[in-house]
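Everything below concerns the one structure shown next.
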């Protein structure tokens, strides 16, 4: 038996900073971290980076193919976008939700250019 006191696993709900690690036990991200902290491919097989005219960065992810969810639904850009639509909805960008770790304030928009 394994007992783990984590308030909430779904990343769209409230969680404490010290509980975020538990999501990595259940969910796979676009990227993962290697032993030395390097960023490695995961659900994204590769990505490109480019500077925007506004001084920010644009990241384009090529999604790993032949991946399905536990129920057989295909992992594609529509699924990735839906996840971002839910997790980064404006009301969840505040410090008491996801805003505490800073990433939401830097993400301006996201879109699909094709299925992958």
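Please treat every number below as a calculation from the coordinates, not as lab data. Here the structure is a predicted model, which is why all the values come from computation and not from measurement. Counting neighbours? That spans all protein chains shown, and the Cβs are built from the backbone with ideal geometry, glycine included.
Worth pointing out:
- Working from label points 7 Å from Cα in the Cα-to-Cβ sense, the residue 79 to residue 53 distance is 3.6 nm.
- Shown for 61, 69: other C-beta atoms within 10 Å of each C-beta, ranked fewest to most, produce the order 69, 61.
- Length added when fully stretched, residue 113-residue 32, from 0.36 nm per residue minus Cα-Cα: 26.8 nm
- Cα gyration tensor shape for region 17-105, rounded if a/c is under 1.5, else prolate or oblate: rounded
- At full extension, residue 86 and residue 40 could sit 14.1 nm farther apart than now, given 0.36 nm per residue minus the alpha carbon distance.
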